[in-house]
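First the structure, in the form of structure tokens, and then the observations on it.
Here, each number is a calculation from the coordinates, and none is a lab measurement. In this text the structure is predicted, and so the values were computed from the model without any measurement. Every residue, glycine as well, gets a Cβ built from its backbone with ideal geometry; the counts of neighbours run over all protein chains shown.
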């Protein structure tokens, strides 16, 4: 059985983790070896998934469990029989046993990663082949989750956190591009967030080796995932590291907006390719439920420009631009309430309680629901809400002048009443203490005429 390169790239992404077990095509639980008499035949053994505890033939590893599988490879958690240490082993898919081209591609992937040393790249420890000729390589076993899973949990990632994650990926890409390796399939599923906060760039299975003389890809082959492919990949044109820059722009777009620019076309490969080649993407600020700084929007739109010459020309250039924004975002105000950082919350921890019979009970943590779907035009909605809040504040402020005027009137009336009372008191005292004989008006006219004139000076 064979499959096209495009189908292989569209198949599931491999996860190198204990915590994210993907459902394999063949069930593991209760799986038993199919046999009629004794051991199964060689063909049957070669075309089935390995089960727990089964040795990997011709290797020093024993299978612990299947972690995931895609179109080209299977990834198992294994344990070294002598060292007792566990690794993640990527093994050529059982349906491709005997495919020399895919065997060469897997070996090239292992050698490419093993030559590089970077905190955001997985470390390769071993490369070999099983008794049946299926190539494999052993890598470090990671603990965490991929960014697709994390974004589904949170709904949207805060701008400073998203910039920090993209910075780690761009730092690793700067090294891989300098070594002549183009990833060609960067997406949230291939960016793995470890529990210690380290981001790992995974799955170089379809990487292009720019310095390799013999290409492993047909000239007109379309390699990658249509949802995240650059326009030149969609058109099967020659590519360079700027194709990875386009993909990283889409990654940053999804993290801060909660969705991609053409998500309404998901599942329609031809429509997605046409959109990447012809349609202008909507600015992320129109779709995001959080505030997107204008500088960040310009950076994203530059990274996902249709023409490669209009994008950042190197991963180092984009890394420097993202770093400037990241430093500014960390020193600015806190992000919007619905934009979450990648940190545990109380809902991520188990709840300890007591059952009816007095025994201790540990309940699983409730899943954190993602944020509700953002409005179609985030800025317009935010503007209307702000206008309503300002209108309400003005309506509340209207009674204040009337109260002030009433208070001033009451104070004026009180002052007038006090003045009248004071005047009345003065008149009463004057009438009481002035003698009647001394008052000119109280004497008869004759007495007033005979009265001598008193000197004003005594």
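Would you mind computing, in nm to one decimal, how far apart the modelled labels at residue 198 and residue 104 are, each placed 7 Å from Cα along Cα→Cβ?
Going from the residue 198 label point to the residue 104 one covers 3.3 nm.
Hey, can you rank 414-423, 96-105, 243-252, 295-304 by average C-beta count inside 10 Å, highest first? Provide the component values of the computation, followed by the final result.
Values: 414-423: 9.9, 96-105: 16.0, 243-252: 25.9, 295-304: 19.3.
By packing density, highest mean first, the sequence is 243-252, 295-304, 96-105, 414-423.
Over the stretch 144-331, with a single point scatterer placed on each C-alpha, what log10 of the ratio I(q)/I(0) does the Debye formula yield at q = 0.15 1/Å?
Taken in order of the listed q values, log10 I(q)/I(0) reads -0.85.
In nm, what is the difference between 0.36 nm times the number of residues separating residue 330 and residue 115 and their Cα-Cα distance?
Numbers: separation 215, 0.36 × 215 = 77.40 nm, distance 3.43 nm.
Going from the current span to full extension adds 74.0 nm.
Taking just the alpha carbons, could you work out the radius of gyration and Dmax for the stretch 99-178, both in angstroms?
That works out to 16.2, 49 Å for Rg and Dmax.
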